[in-house]
Amino acid sequence: MTVEQKRILATSIPGPISIQMQERRTKVISAGVGTLLPVFIDTAHGAILRDVDGNQFIDLGTGIGVVTIGHTNQRVVEAVQNQVAKLTHTLFTVAPYEPYVRVAELITAHTPGSFAKKAAFFNSGAEAVENAVKIARKATGRTEIAVFDHAYHGRTNLTMSMNFKMHPYGTGFGPLAGSVHHAPMSYPYRDEPGMTGEEAAARAITYLEKRVGATQLAAVFIEPIQGEGGFIVPAPGFLKTLDSWCKANGIVMVADEVQSGIARTGKWFASDWEEGFEPDLVTVAKGIAGGLPLSGVVGRAEIMDAAHAGGLGGTFGGSPTAVAAGVAVLEQLEEGGWMERSQEIGELLTTRLSAMQANNPIIGDVRGRGAMIAIELVEAGTKKPNSQAVDALVRHCHQNGVLILNAGTYNNVIRFLPPLAISDELLNEALDVLEEGLAKL
Ligand SMILES: *Cc1c(COP(=O)(O)O)cnc(C)c1O
């Protein structure tokens, strides 16, 4: 199935068929499951989503950074079709199958660090984070976990306790898990001007030493570029300084690369942008399997082996179709060209968004790396978050056939997560629509 790589506005948005489906949806789907753009998607390919009314959207969201390689990538489709006709389930811990091992060989070769590594696979990012907590606790014999302000780690009980924002993730869903400590993040746009990464790390370390105690900590979890928090890129030196402190104190350093990993930032992992940063464990999910549900914990062999047999797993984790898709994605990334494309996309986005910033004082910051770029909107002449402008821009883009996503602790960030399969032409067209929306504000 291919879809012409073209934006098409066939009806108003949402169209009549989507409106009907939305009525059916409201009757049977929990109100707790929200919708950003109420159009029902029928098919997708490359960078285009086609809805049931025949509208075609340029997708700058990729289902939150999942179909990094592009929608219905041919080799992913073939790998899944072949696998699903051969074997759909045994449960790897009952009787194994080869693609689970192959995807582990591929991913362990590319996560940061040159030490011996092992992996374990699950279904979702939150499940990977939960398992990294279990592994770190077992490996260290300690209980406490540190996370950072503006972090997002998932929607299960433990991971909602690790998120910064209570609303919407935790409100009314408590009691939350204990033994989770929130430390100050490096947020260059909002920190004191000139604060270095080392200084920001010292602030976090002092807090953790006083409030928790280094000897109590099993693990420090950090997104090397924060996703839901608004693509916050910590100041250079922040990650490495934290990592050195963890290593000196026997604390497992975990990079949550669920959103930032797998070529998203123009390297295999966002951690690779900070020289000398070698997290012990990395959590992966979103972009790893071209849209199939697959997540993993990958890292130092001796830490991964601390878990006892039977302690890790789950019925569907690393299912045959999901790992077959993972192999198809990682083999294509290994063949080359994708990191360069991701960096080119980052340059195009940054150049155009910075030009818009020069004419528009409500764009306070343009940041990110590779195909993971965001703008933070403020009230002109201040740093006061401007979430109304984000809402208006998101609406304008959606009405005009461009899918963009919001983000940020203050709901004042627009994030761009285009597929790497997008052409410059489509990306520029999407940015033209955004620019039109900015001019209308
Ligand atoms: C999305 C995300 C998660 C949670 O992943 P799910 O698959 O939605 O459970 C965890 N960490 C980060 C950094 C994420 O972006």
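The values are calculated or read from the model by the stated rules, or taken from the named source; none is laboratory data. Only a predicted model underlies this, so the values are computations on that prediction, with no experimental measurement involved. Cβ placement follows ideal geometry from the backbone for every residue including glycine, while neighbour counts extend to all protein chains displayed. With ligands, DNA and RNA removed, areas are computed over all heavy atoms of the protein, side chains included. Shrake-Rupley method; radii C 1.70, N 1.55, O 1.52, S 1.80 Å.
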### Message
If I go through the stretch 169-192 residue by residue, how many of them are within 24 Å of residue 64 (Cβ to Cβ) and either within 13 Å of the ligand (Cβ to nearest atom) or in contact (Cβ under 8 Å) with a residue 24 or more places away in the chain (or both)?
### Response
9
### Message
Checking residue 317 against (1) assigned by TED's automatic domain parsing to the domain that holds residue 132; (2) of a type in the set (Gly, Ala, Ser); (3) in a helix (DSSP H, G or I): exactly one of these is not met. Which one?
### Response
(3)
### Query
Only one of (1) away from the ligand (no atom under 16 Å from the Cβ); (2) under 24 Å from residue 63 (Cα atoms); (3) of a type outside the set (A, V, I, L, M, F, W, C) fails for residue 241. Which number is that?
(2)
### Task
Sort through 141, 113 and tell me the only one that's assigned by TED's automatic domain parsing to the domain that holds residue 180 and either within 11 Å of the ligand (Cβ to nearest atom) or closer than 26 Å to residue 325 by Cα (or both).
113
### Message
I'm told residue 340 meets every condition in (1) among the charged types (D, E, K, R); (2) surrounded by 21 or more Cβ atoms within 10 Å (Cβ to Cβ); (3) not in a loop (DSSP other than H, G, I, E, B) except one. Can you identify the failing condition by its number?
### Response
(2)
## Note on the structure
Over the stretch 213-235, the set of residues open to solvent by less than 20 Å² (accessible area, probe 1.4 Å) and either more than 16 Å from the ligand (Cβ to nearest atom) or in a helix (DSSP H, G or I) (or both) is 213, 214, 217, 218, 235
### Message
Looking at 177, 202 in this structure, which one is touching a Ser or Thr at 6+ places or on another chain (Cβ under 8 Å), assigned to a loop (DSSP other than H, G, I, E, B) and surrounded by fewer than 21 Cβ atoms within 10 Å (Cβ to Cβ)?
### Response
177
### Task
Working only within the stretch 81-108, note down all residues that are aliphatic (A, V, I, L, M), touching a residue at least 12 places away in the same chain (Cβ under 8 Å) and not in a helix (DSSP H, G or I).
87, 91
### Query
assigned by TED's automatic domain parsing to the domain that holds residue 147, open to solvent by 30 Å² or more (accessible area, probe 1.4 Å), away from the ligand (no atom under 12 Å from the Cβ) and at pLDDT 95 or above - does that describe any residue in the stretch 252-262?
no
